[in-house]
């Protein structure tokens, strides 16, 4: 749902997204919710074919190597194209194979821009919270002794 909200692709509005959040976030695979956003980012640089996009995602460290199967990426690309975020044309590779080359559309570029603006706002909030933590709690954590931790667990209590 995060990537749909970031890209504003489902069109149901913020109230809908507040009521319909995913039940279990994919913490082990944070890239899952960002894949469409990352594809737009790559295609904003230059048109690419699907396999090239997969390689770029891995080479730049956006996703773990082997994380996505080829069919999954093409399904995502087709859905993005159906939503008007991408367009594609047929081209040929160096080996002479026919490849579909994807390009970002003006609507895709607008979605990318809005998503980046939202990320910048969220980053400011996160930076502020991190600074607050450093100022108010980080020293406390560093000053803790092993005895403090045992006391908290009740291991040093007098029985």
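A compact table of results
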| quantity | calculated |
| --- | --- |
| Candidates 5, 75, filtered to the one that is in a helix (DSSP H, G or I), on the phi < 0 side of the Ramachandran plot, at pLDDT below 95 and in contact with a helix residue (DSSP H, G or I) (Cβ under 6 Å, 6 or more places away or on another chain) | 5 |
| Among (1) assigned to a loop (DSSP other than H, G, I, E, B); (2) modelled with pLDDT under 55, the one test that residue 63 misses | (2) |
| Pairs where the first residue, in segment 46-64, is without any contact (Cβ under 8 Å) to a residue 60 or more places away in the chain and on the phi > 0 side of the Ramachandran plot and the second is part of a loop (DSSP other than H, G, I, E, B) and crowded, with 16+ Cβ neighbours inside 10 Å, C-beta under 7 Å, 6+ apart | none |
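The values are calculated or read from the model by the stated rules, or taken from the named source; none is laboratory data. These figures come from a predicted structure and were not determined experimentally. With ideal geometry, Cβ positions are generated from the backbone for all residues, glycine too; neighbour counts draw on all protein chains shown.
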